[in-house]
Amino acid sequence: MRSRQKRTRRSWKSNSTILQLCDRRSIVIHRSLACGKKDKTLALFSSKPKRSEESAVVPAHIGIIMDGNGRWAKKRGLPRQAGHVTGARVFRTIAKHCEKRGIKVATFYTFSTENWKRPQEEIDAIMNLLRDYLRESLADFKKENIRTRFIGDRSVLAPDIQQLMREAEEATADKTGMILNIAINYGGRAELATAMRHIAAKVQAGALAPAAIDEACIEQHLYTAGQPEVDLILRPSGEYRLSNFLIWQCAYAEYVFDEILWPEFTTKDLDKALAVYAGRHRRFGGV
Ligand code: FPP
């Protein structure tokens with residue numbers, strides 16, 4: 001009972017932040033969630049929705065910024081790496097839950113082009129977690145209908161990690177379910193610069209006319225070429241930034257922020273964020 005009360009208090013604290021960013025309908029949805037009442041929107045998540053419903057209320061592409069690992073560890077007197085270890089476990093659970101909810105593409109921000117500024121010990125710990133995940137998941141990949149992809153410049157990563165990444169992509173290439181993009185050494189600006197270089201090389205070779213460089217052409221040169229643009233960005237830990245994540249793909253994304261730290265993030269928190277998203281009125285520049 002006590003833990004339920006604690007959970008409700010925490011939910012309400014998270015909600016109050018989200019409330020600032022929601023329209024009136026979302027506020028209603030969120031209040032009823034905080035009180036534990038079932039409403040129509042929540043009911044959509046009580047069982048796997050049909051395809052037609054999914055396209056209306058479930059984001060086709062969700063981007064998740066897994067933030068707060070360091071603070072979670074510090075609060076417990078643990079080294080920052082301990083936060084990443086728990087964060088990696090949460091990543092596995094949430095990735096599978098995204099698939100279960102009918103999301104077509106989920107992109108997780110694992111290591112940015114700016115994260116090289118961190119202490120070497122912490123960088124090594126994150127790379128080791130990635131190594132472990134890739135090794136351990138090879139069996140799991142066979143069971144799941146998830147296609148694993150990596151976005152970012154992998155050329156500077158350790159050769160064995162690059163090899164494991166290739167194996168993971170090959171092992172899941174024929175999967176028909178969700179695409180799981182793991183962003184490693186990824187930066188939105190670097191992605192755009194890479195795309196521009198490829199386009200310029202084609203122009204120089206006479207394979208592309210400058211007049212043919214339009215939005216679709218740029219999209220085709222991104223790591224996420226052919227994938228739906230981002231509908232929802234989710235960032236826990238009380239930070240309200242995009243941090244160079246999917247900057248082109250987020251042109252019309254909705255944002256949901258939460259106070260909870262990533263290592264404490266649960267499938268219920270994801271469902272709450274999806275319910276907030278479902279209540280948003282998206283106009284894409286129209287009325
Ligand atoms: C941001 O929190 C988190 C990161 C930069 C690393 C995220 C990495 C993981 C969750 C491990 C992923 C592993 C796999 C296998 C995909 P922070 O450290 O900046 O937290 P803080 O803001 O509280 O310091």
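The values are calculated or read from the model by the stated rules, or taken from the named source; none is laboratory data. Computed from a predicted structure; not experimentally measured. So basically every Cβ, Gly included, is an ideal-geometry build from the backbone, and we count neighbours across all protein chains shown.
The table that follows gives values for the structure above.
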item: Selection from region 109-123 of residues that are within 21 Å of ILE247 (Cβ to Cβ), of a type in the set (A, V, I, L, M, F, W, C) and surrounded by fewer than 17 Cβ atoms within 10 Å (Cβ to Cβ); result: TRP116
item: Helices (runs of 4 or more DSSP H) within region 184-287 that include 3 or more residues in the same structural domain as ASP124 (by TED's automatic domain parsing) and buried (at least 20 other Cβ atoms within 10 Å of the Cβ); result: 267-279
item: Near pairs, Cβ below 6 angstrom, 6+ apart or cross-chain, from region 84-99 (in contact (Cβ under 8 Å) with a residue 60 or more places away in the chain) to any residue that is near the ligand (Cβ under 8 Å from one of its atoms) and outside any helix (DSSP H, G or I); result: GLY87/MET66
item: ALA171, sole failed condition from (1) small (Gly, Ala, Ser); (2) over 22 Å from ILE64 (Cβ atoms); (3) modelled with pLDDT of 95 or more; result: (3)
item: Any chance ILE103 is within 18 Å of ASP67 (Cβ to Cβ) and among the aliphatic types (A, V, I, L, M); result: no
